Amino acid sequence: MGETHRQKRIIHISDNLTFSSIRMTFVLKHYLSALCIIALTACSSTKPVTQQRAAVSKQLYTNDQAWAVKIDDGWFTAKTITFGPYHTSSRTNGVLKDTSLQFIRDPKEPFSFNISSQDEKISIQTLYTSRIAFLSRPLPSFLSSLPPTTPLFYTLIKSTGQPPLPRWEMILKKPTYLELNDNKTVGILRTEKEEIRVNAHNKFGIVNAYEKLTYEFRQHGQPVAAVMPGEQPSVWVSPSVSTTTRPVLAAAIAALLCR
């Protein structure tokens, strides 16, 4: 009887161990499956940093649409720049008297200069001001929603030739790293009847940096010109730009090259 009882007990223990082993195997299989799903999800949702930027149109940034840029680096304000068919004069500090900028009461770092080509001459006034200066003037939401003390770069463009160009103005805010990564709109180039959006990106540099910052001008949603200021500046202008718009874009580009 003792031997039979002992054998039954051993069989019972063995059965329990077998059941526990099966249960443990089942739990481990489900646990490992869950880990695999989590790992696969993480891999599929994580991209290299270099891919976390909005695509920039390749149609504009081609060699045949690039304008040669040459800098004649004179002393202080004497620096002049030639890009494509345009040439800048040296800079004059201060605000021109006939610019009608009374709404900007406290301009910062103002200067003016001209750009000229074979057919035209354009006067350009640039300065820094704050968003509060535009309280009585309409702005797009990405500018009007900024805090009142936010600094803005302002450019006034006026033709001195005949027939004169309409009065154009460019208003830009400083882009953030995330805006550069996503090629977001950071400003406008506008007249009473027309508006060209100004985007900014760092496609030619590295993510989350101002290195090789490039401003891109978009007309009807399409990139038509771009400028990369800095020590090694670059300029691109689409041949599709009309003869009336090209000098305006050239003036805006010059303002960014000279500031």
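The values are calculated or read from the model by the stated rules, or taken from the named source; none is laboratory data. Small disclaimer: the values here were computed from a predicted structure and weren't measured. Here the Cβ positions follow ideal geometry from the backbone for every residue, glycine too, while neighbour counts run over all protein chains shown.
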> Has region 172-182 got at least one residue that is at pLDDT below 95 and in contact with a Leu (Cβ under 9 Å, 6 or more places away or on another chain)?
Replying inline: no
> Of the residues PRO148, PRO110, which is on the phi < 0 side of the Ramachandran plot and either small (Gly, Ala, Ser) or in a loop (DSSP other than H, G, I, E, B) (or both)?
Replying inline: PRO148
>> If the requirement is being closer than 19 Å to GLY187 by Cα and without any contact (Cβ under 8 Å) to a residue 24 or more places away in the chain, which of these qualifies: ILE124, ILE132?
In response: ILE132
> What's the number of the condition GLY84 fails, among (1) modelled with pLDDT of 95 or more; (2) touching a helix residue (DSSP H, G or I) at 6+ places or on another chain (Cβ under 9 Å); (3) exposed (fewer than 14 other Cβ atoms within 10 Å of the Cβ)?
Replying inline: (3)
> Only one of (1) surrounded by fewer than 19 Cβ atoms within 10 Å (Cβ to Cβ); (2) out of contact with any helix residue (DSSP H, G or I) (no Cβ under 7 Å at 6 or more places or on another chain); (3) under 19 Å from SER117 (Cβ atoms) fails for GLU195. Which number is that?
Replying inline: (3)
> Taking into account only those residues within region 114-127 that are under 26 Å from the mean Cα position of the chain (by Cα) and closer than 13 Å to HIS87 by Cα, which is surrounded by the fewest Cβ atoms within 10 Å (Cβ to Cβ)?
Replying inline: ILE124
